[in-house]
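A short worksheet on the structure shown next.
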Amino acid sequence: MYKVMIIDDEEALRSLLKRTIDWGAKSLEVVGEAASGSEAINTIDDLKPDIVFVDIRMPFMDGIEFSKLAIRRYPNLKILILTAFDDFHYAKECIGIGITEYLLKPIVKNDIDEVLDRVIATLDTEKENRRLLEIDEGGLRDNARMGDIEEYIKKNYKDADFNLTVAAGEFGFNASYLSRKFKEEMGCGFMEYLIGIRMRRASELAKRGELMYRSAERVGIPDPNYFGKCFRKYHGVSYSEYVKTYAK
């Protein structure tokens, strides 16, 4: 079963797309959604989607910018751009960065069904090719201590582009292997650990009275909306409430 992610700043469209397609009949599963490209880029490592629907026009990080980052991390990711703008310039730019399909809003079920059938066929072929070419993971450099990886995360958490794939490449692992190895040894996922470091640092900045958008940038989450969600989830209160309570 392949995983699907939907990224659009309009909640109504995300809901409509989830209802319109019979995902199970195509052996697909919607594993997550996001309201912006920057929110999605911070969750994609945990969700590991095979297919992404993304709106071309969104705040903070638009669909093209997201796609450039996502494809650089995951070259085999299938990105389907959704847009209400029938504009050749956009279509050309999408094709140039390796986006799989370019679909116009309003969404048409038959069009999306046809696109998904083509994408699934491609994924099936690539999966079989990877199986045939797969080598023993024992050949990876498995001598890296988890302490080294922890230190590497602590040195790079401020970089908004830092993620599981980057860390895996640094230590000679593939991303899925490091994900398993990290969870086995640390008891939590890589992204959960990274967010924890970022949120603890954010709390230090909040105690100094730092403005939220500046704290967000300094801990590697430039989208203030997504930063706010992470902060509240981790600390149980909003950033502004935390500042009021603890700032000196």
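None of the figures in this text is laboratory data; all of them are computed from the coordinates on show. Note that the coordinates shown come from a computational prediction; the quantities given were computed from them, not determined experimentally. Because the Cβ atoms are built from the backbone with ideal geometry, glycine has one as well, and the counts that use them run over all protein chains shown.
What fraction of the DSSP beta bridges in the chain is antiparallel, stated in percent and rounded to the nearest 5? Each step should come with its number before you reach the end.
Details: 0 of 19 bridges.
Counting only bridges with both partners in the chain, antiparallel ones make up about 0 percent.
Please work out how much length the chain gains when fully extended from residue 97 to residue 122, using 0.36 nm per residue of separation minus the C-alpha to C-alpha distance, in nm with one decimal.
Values: separation 25, 0.36 × 25 = 9.00 nm, distance 1.79 nm.
Additional length available on full extension: 7.2 nm.
Can you tell me the dipole magnitude for the chain around its Cα centre, using point charges on the Cβ only (Lys, Arg +1; Asp, Glu -1), in Debye to the nearest 20? Display every interim value, and only then the final one.
Values: 38 positive and 43 negative charges, 228 e Å.
With Lys and Arg at +1 and Asp and Glu at -1, about 1100 debye.
Using helices alone, what [θ] at 222 nm do you get for the chain, with -39,500 (n - 2.57) per DSSP H run of 4 or more residues, divided over all residues and rounded to the nearest 500? Before the final figure, lay out each step's value.
Working: 13 runs with 140 residues, N = 248.
Only helices count here, giving -17000 deg cm²/dmol.
Please name whichever of 187, 247, 115 sits farthest to the positive end of the charge dipole of the chain, dipole taken about the Cα centre and charges placed at Cβ: Lys and Arg +1, Asp and Glu -1.
247
Taking the beta-carbon count within 10 Å as an exposure proxy, list 233, 78 from fewest neighbours to most. Don't skip to the end; give the middle numbers.
Details: 233 10, 78 25.
Ranking 233, 78 by Cβ neighbours within 10 Å, fewest first, gives 233, 78.
What order do you get for 13-26, 185-198 when each peptide is scored by the mean count of other beta carbon atoms within 10 Å, highest first? Each step should come with its number before you reach the end.
Numbers: 13-26: 14.1, 185-198: 17.0.
In descending order of packing, they fall as 185-198, 13-26.
What Rg and what Dmax come out for the stretch 2-133 when only alpha-carbon atoms are used, in angstroms?
13.8, 42
Find the relative contact order for the chain and round it to a whole percent, using C-alpha pairs within less than 8 Å whose residues are 6+ positions apart.
On the way: 304 pairs, mean separation 35.0, N = 248.
Worked out over the chain, it gives 14 percent.
Could you calculate the FRET efficiency of residue 247 with residue 200 from 1/(1 + (r/R0)^6), where r is the beta carbon distance between them and R0 is 25 Å, rounded to 0.05?
On the way: r = 16 Å, r/R0 = 0.65.
The pair residue 247/residue 200 has a calculated efficiency of 0.95.
For the pairs 127/229; 18/48; 48/229; 158/207; 183/207; 127/155, flag any whose C-alpha to C-alpha distance is greater than 25 Å. Present the calculation step by step, with values, prior to reporting the outcome.
Working: 127/229 35 Å; 18/48 18 Å; 48/229 20 Å; 158/207 18 Å; 183/207 31 Å; 127/155 35 Å.
Violating the 25 Å Cα-Cα cut-off are 127/229; 183/207; 127/155.
Report which label in (i) 58, 45, 32; (ii) 53, 38, 36; (iii) 45, 44, 33 holds the value of Cα extents along the principal axes in Å derived from the coordinates of this structure.
Looking at Cα extents along the principal axes in Å for this model, the match is (i).
How big is the stretch 139-248 by the Kirkwood estimate over distinct Cα pairs, in Å?
On the way: mean 1/r = 0.0679 Å⁻¹.
By the Kirkwood definition, the hydrodynamic radius is 14.7 Å.
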